[in-house]
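Here is the structure we will look at.
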Amino acid sequence: MKPLLTTILLVFGLSVFSQNFFLKGKVIDEAQQPLSYVNIIVENAEDNSFIKGTSTNNDGVFELNSLTKGNYILKASFIGFKTIEIPIILSKDTQLETTVLVEDSEALDTITITAKRPTITRKPDRLTFNVENTALTEGTTLQVLKNTPGIIVSDGSINIKSSPATVFINNRRVQLTSQELIQLLESAPANSIKSVDVITNPPASYDADSGSVINIIMSKNLVTGYRGSIATNYTQGVFPRYNGATSHFFKNNKINLNVNYSYTSQKINREQQGTIDYLDTNNNIDQIWNSDGDRNTWSETHNINLNFDYYLSKKTTLSLTSTGLFTPYFKYRITDITDITDANSSFLERFIANGLSRDDKLNIGTDFNLRTEFNYGGSLSFNGHYTVYDYSRNQNVIQNYQVDNSLNSEFNTNANQDTQIYTAKVDYSLPLSESSSFDTGLKLSNINTESSINRLDLDNGVEILNTANSNAFDYDENIFAAYVNYSKSWDKWDLILGLRAEQTDVDGFSPTLNQTNTQNYFEWFPNISISHNFSDNFSLYGNYKRSIMRPSYTDLNPFVFFLNENTTVVGNPALQPTFQDHFVIGTNFLEHFTIEAYYMNYDGAISEIPRQDNDNNILAYTPVNLDKTVDFGFDFAFDYYPTDNWNLYFVTSFFNISEENGFGTERIELEQWSNYSILANNFSFLDDNSLNLNFTLTFVGKNLQGLQIVEDRLFSELSITKSIFKKRGVLSLSVQDIFNDQDPRVRIGYGDQSSRRFDNLDNRFVKLGFRYKFGNTKLSTNERTTGAEERDRIKDLQ
């Protein structure tokens with residue numbers, strides 16, 4: 001009986017001892033107005049350790065639950081007010097008296113005077129640009145990237161130096177086209193960004209085809225609450241464009257929920273003037289085709305991004321991420337007038353080609369992720385991904401000749417592409433010591449694409465199936481990958497070693513042509529980065545990485561898409577992957593200077609090149625593997641703050657590109673030296689840094705791209721932002737291509753190929769934008785995007 005009584009008393013005592021209480025209160029200012037989003041933190045009175053945290057709601061009220069009996073310190077803080085500390089002896093549910101916060105103008109002045117400016121941290125494989133709590137975070141995410149050293153945003157693309165970059169947000173790959181990505185980043189506020197990693201030599205945990213990487217790191221947040229924003233942009237180019245976006249984030253102790261939506265309506269113009277010299281068997285001019293094309297694209301696009309985190313425990317998180325793109329309206333119209341003359345410019349013929357196509361596109365990618373952290377510091381994560389991509393195009397082409405009407409033609413094409421992607425991966429990280437770590441992982445992926453195209457020729461209004469230009473293509477790809485990665489720092493050395501192995505099995509089948517393309521290959525992808533800091537003002541580093549670039553699924557389709565009867569886009573099922581070896585050696589000195597030498601060798605670089613058929617007077621754009629491509633050069637970078645409110649960034653690169661390829665018995669070898677230079681100025685004005693100006697000039701010298709010479713171009717951009725409404729609102733104004741000198745002029749001249757063209761792109765515009773933030777603007781989001789690298793190889797039908 002006594003043991004039973006003792007047990008009952010013990011259980012009762014424990015239940016009383018562990019009883020939980022709530023703590024409620026209200027915060028107002030000196031004018032007796034409630035203060036919302038005040039940070040409320042409860043600390044242990046003995047050691048000041050953090051216990052719980054929350055923020056006040058719109059009525060200034062806060063509530064903290066599940067507090068045990070004890071002595072605490074409650075801290076209430078808000079920017080512009082003096083922090084108040086209240087000692088609390090908690091032994092029951094407690095309603096505090098109203099707390100009054102007093103304005104602290106001196107603290108505000110101090111914040112303005114000592115405002116942080118971005119800092120740079122260099123590691124062997126990357127540069128980290130720290131922007132948290134700087135003036136840059138008052139703008140958009142795209143503006144932060146434009147100000148990050150080494151990143152170039154121009155001409156509708158995001159590059160690291162001259163190479164396209166793969167963009168990640170919190171280590172999740174952003175699966176959008178360049179234009180869609182820029183739209184997303186332009187509408188996303190930057191106030192949650194902690195830093196930006198510019199990774200020139202990604203470790204083995206990244207897929208072998210990742211290339212150079214930009215990873216945007218978002219700040220973690222301990223405070224619960226809600227935050228939202230709305231944004232709109234108006235752009236006037238040749239035609240007006242409109243964009244609207246909204247973002248919402250909610251967090252409590254168990255979940256993070258973030259939803260982003262944007263809508264874009266635009267009409268884009270493109271004009272092209274081209275000349276083709278069709279040659280005879282002696283490579284003398286037989287006919288000259290001068291064309292003048294006008295292309296207009298109308299589109300309406302909906303983008304939605306959902307991020308949901310559920311905290312199973314303090315160290316285990318279950319996450320769902322889904323990104324969807326829906327284009328219900330896409331219309332593409334082309335009018336091309338071509339004059340044909342002989343070698344003496346005597347008129348022979350003229351034809352007018354009119355094409356009209358309508359597209360539908362649905363692209364949804366979803367990730368499930370489970371991550372757990374261990375007490376010893378390691379972590380284990382599981383990820384599953386699924387993408388469904390459905391694309392269709394209906395096209396009508398009419399071609400009328402002025403002299404010989406018998407050549408007139410009209411046809412329709414119906415094309416469809418259905419792609420499904422499945423991936424599964426597991427990653428494990430183990431800290432070996434305070435200065436070293438080990439990572440390993442496995443990944444499986446399957447890609448299945450079914451495509452078809454039917455051409456229907458019209459004869460007196462009757463559709464007749466053209467079997468010679470109709471086709472179907474089934475593509476199946478399986479990749480199994482494994483990696484290990486080791487990193488260590490000691491004394492003044494930093495070392496990263498990685499090795500990735502990938503087995504790839506590909507089957508491409510065209511039932512119409514009864515043609516099969518099979519590829520099976522196993523490849524190793526090593527990488528190494530090493531650096532040594534001789535002093536605070538001088539360091540040396542070097543790295544090497546082998547990577548792969550696989551062809552897009554559309555490029556592998558053996559389809560023929562007709563821009564008109566004489567200009568086509570043709571797939572190539574025989575395409576092989578490209579393998580790249582990249583070597584870099586460089587130095588950082590005197591804090592502001594960087595010099596690098598690099599060498600890149602491409603085995604089978606994929607380029608879509610125009611090839612003219614001189615016998616049939618047809619120009620076909622076809623992706624091919626070039627036999628050899630070498631790119632080497634020297635880079636010089638200078639990053640400096642002449643004043644606290646002025647950042648000056650200058651980089652120049654002198655490089656040489658050589659390309660070699662064989663066409664039948666003909667061997668082509670081309671080489672070109674070039675220069676790539678950037679001069680960027682960023683200014684902050686006013687005491688609160690609420691007015692910011694950026695002016696950037698980018699010069700791209702004459703260079704070689706896919707056996708084509710592209711002439712000099714100058715890119716220019718001026719952007720101004722102004723924070724209003726106590727920094728809840730931001731007005732922005734930007735002007736692109738101020739000097740009207742960034743359109744490409746291209747010429748081809750080798751063997752039996754001779755042509756020239758000028759593309760007048762719709763890239764000269766003025767853009768006006770406005771964004772307004774509401775709710776607790778100090779909250780950080782869990783924003784990210786779906787993460788399957790295979791999605792990047794999805795490509796719209798031409």
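The values are calculated or read from the model by the stated rules, or taken from the named source; none is laboratory data. Everything quoted here is computed from the prediction, not taken from an experiment. Note that we place each Cβ from the backbone using ideal geometry, even for glycine, and neighbour counts take in every protein chain shown. With ligands, DNA and RNA removed, areas are computed over all heavy atoms of the protein, side chains included. Shrake-Rupley method; radii C 1.70, N 1.55, O 1.52, S 1.80 Å.
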Share of Cα-Cα pairs in the range 350-414 lying beyond 17 Å, as whole percent: 67 percent
Cβ-based charge dipole, the chain, positive-most Cα from Ile709, Tyr641, Gln519: Tyr641
Within straight-line cross-link reach of Lys92, lysines at Cα separation under 26 Å, skipping those fewer than 8 residues along the same chain: Lys24, Lys26, Lys52, Lys69, Lys75, Lys254
Per-residue SASA entry for Ser381, accessible area with 1.4 Å probe, Å² rounded to 10: 20 Å²
Spin-label pair Tyr376/Ser677, simplified geometry with 7 Å Cα→Cβ offset, distance in nm: 5.6 nm
Relative contact order [Cα under 8 Å, 6+ residues apart], the chain, whole percent: 11 percent
Dipole magnitude of the chain, debye to nearest 20 (Cβ charges: Lys/Arg +1, Asp/Glu -1, about Cα centre): 3540 debye
Calculated SAXS-style log₁₀ I(q)/I(0) at q = 0.15, 0.20 Å⁻¹ - the range 705-769, Debye, Cα scatterers: -0.63, -0.83
Sequence of Asp603, Asp474 from largest to smallest accessible area, 1.4 Å probe: Asp603, Asp474
HN-Hα J in Hz across the range 572-577 - Karplus 6.51, -1.76, 1.60, θ = phi - 60°, x for Gly and Pro: 9, x, 8, 4, 10, x
Calculated FRET efficiency for the pair Asn171/Phe685, C-beta based, R₀ 30 Å, to 0.05: 0.25
Ala468-Asn520 FRET efficiency (beta carbon distance; Förster radius 35 Å; 0.05 resolution): 0.65
At R0 = 45 Å, FRET efficiency that the Cβ-Cβ distance of Tyr401 and Phe636 yields, to 0.05: 0.20
For the range 442-486, with +1 on Lys and Arg beta carbons and -1 on Asp and Glu, the positive-most of Ala481, Thr449, Asn469 along the dipole: Ala481
Approximate spin-label separation Lys726-Arg350, in nm, with each point projected 7 Å along Cα-to-Cβ: 6.7 nm
Packing-based ranking, highest mean first, of 193-200, 355-362, 609-616 given that Cβ atoms within 10 Å are counted: 193-200, 355-362, 609-616
Highest to lowest packing among 333-342, 554-563, 698-707, scored as the average C-beta count within 10 Å: 554-563, 698-707, 333-342
Listed residues Met549, Met600 arranged by accessible area, highest first, probe 1.4 Å: Met549, Met600
Solvent exposure, largest accessible area first (probe 1.4 Å, DNA, RNA and ligands not counted), of Tyr37, Tyr376: Tyr376, Tyr37
Spin-label model distance (nm) - Asp627 vs Ser433, 7 Å beyond Cα toward Cβ: 5.1 nm
Full-extension gain in nm, Asn408 to Ile595, via 0.36 nm per residue minus C-alpha separation: 61.4 nm
Cα Rg over Rh - the range 441-550, Kirkwood: 1.33
Euclidean distance between Cα centres, the range 350-372 to the range 419-496, Å: 17 Å
Alpha-carbon centroid distance for the pair the range 695-734 / the range 288-338, whole angstrom: 22 Å
Tail weight of P(r) past 33 Å, computed on alpha-carbon pairs of the chain, percent: 60 percent
Linear extension gain, Asp292 paired with Asp457, 0.36 nm per residue minus alpha-carbon span: 56.9 nm
Surrounding net charge for Lys24, when Lys and Arg each add one and Asp and Glu each subtract one, Cβ distance under 15 Å: -1
Segment Glu63-Thr246, length gained on full extension (0.36 nm per residue, minus Cα span): 63.0 nm
Accessible area (Å², per residue) of the range 637-732, counting only protein heavy atoms and a probe of 1.4 Å: 46 Å²
Cβ charges +1 (Lys, Arg) and -1 (Asp, Glu), total dipole of the range 291-374, debye: 600 debye
